[in-house]
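Following: one structure in structure tokens, then a few remarks.
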Ligand SMILES: NC(=O)c1ccc[n+]([C@@H]2O[C@H](COP(=O)([O-])OP(=O)(O)OC[C@H]3O[C@@H](n4cnc5c(N)ncnc54)[C@H](OP(=O)(O)O)[C@@H]3O)[C@@H](O)[C@H]2O)c1
């Protein structure tokens, strides 16, 4: 039996690719592709969609998520911008209904593995910095992936860094810090999304590098999330839960 899916944000860069991917996949029946002019609640009710993939904007993702859950569809949220308190609230609503859902800050399986490997390395190599490079139209920094990587490293390592005082000739030349982990954000044409996590140790460095060069890299994650979301019983955060990594 096929799973009925709506893509919200269907005219966008990610949404239009998700539409093509899900339309072509035998597990799914794409029942609607919606934009901001459409009534999401009415579309879920009319089509009886089981799953809604949201690939819209930070400004609308919270309201869209509420509508999806209120109308008993499984949310697959790819839009960025949900705050921690909003995620907690949405999780509570899903649990009240025993409704499975997933928020996926990064659908790329390679990027999720990069974070996982960085977490493993941090247990042995606490001296770490992160360089993330994105296209020039990405207006926020650091990326959610860089921030999440830094959080995972802090959780996994057994000791803090040995940071010596430094005179900065140019202010903030060492990047921004999450705890004591420097994050350097590059915004340039030519990049889609790249991240390097560099570990330094006596006489050696280890670099874990991931490079998204085409939005196609996000689509296997979109498919995986849609295939598995109805078997979940709460609202999960991160594709790693479906890959059983963390
Ligand atoms: N999870 C991941 O792996 C991943 C990867 C890349 C991007 N993203 C995120 O995915 C989202 C979309 O990215 P994108 O690059 O595809 O952006 P985009 O090209 O700007 O597409 C966003 C689309 O959503 C539409 N939209 C805006 N408000 C809406 C609403 N209330 N209801 C329905 N549709 C609405 C926009 O319509 P208008 O153009 O008419 O405003 C546009 O068609 C962003 O939040 C981005 O950060 C996630």
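Per-structure values
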{"read-out": "One residue from 79, 65, 108 being farther than 16 Å from residue 223 by Cβ, in contact (Cβ under 8 Å) with a residue 24 or more places away in the chain and near the ligand (Cβ under 10 Å from one of its atoms)", "value": "79"}
{"read-out": "Yes/no for residue 159 being over 25 Å from residue 235 (Cα atoms), at pLDDT below 95 and either surrounded by 14 or more Cβ atoms within 10 Å (Cβ to Cβ) or out of contact with any strand residue (DSSP E or B) (no Cβ under 8 Å at 6 or more places or on another chain) (or both)", "value": "yes"}
{"read-out": "Residue in region 28-45 that is under 21 Å from residue 217 (Cα atoms), away from the ligand (no atom under 14 Å from the Cβ) and surrounded by fewer than 22 Cβ atoms within 10 Å (Cβ to Cβ) present", "value": "yes"}
{"read-out": "Strands (runs of 3 or more DSSP E) contained entirely in region 138-239, each with at least 1 residues that are without any contact (Cβ under 8 Å) to a residue 12 or more places away in the chain", "value": "176-178, 204-212"}
{"read-out": "Members of region 10-27 that are near the ligand (Cβ under 10 Å from one of its atoms) and either surrounded by fewer than 20 Cβ atoms within 10 Å (Cβ to Cβ) or modelled with pLDDT under 95 (or both)", "value": "11, 12, 13, 16, 17"}
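The values are calculated or read from the model by the stated rules, or taken from the named source; none is laboratory data. No experiment lies behind these values; they were computed from the predicted model shown. All Cβ positions, glycine included, derive from the backbone under ideal geometry; neighbour counts span all protein chains shown.
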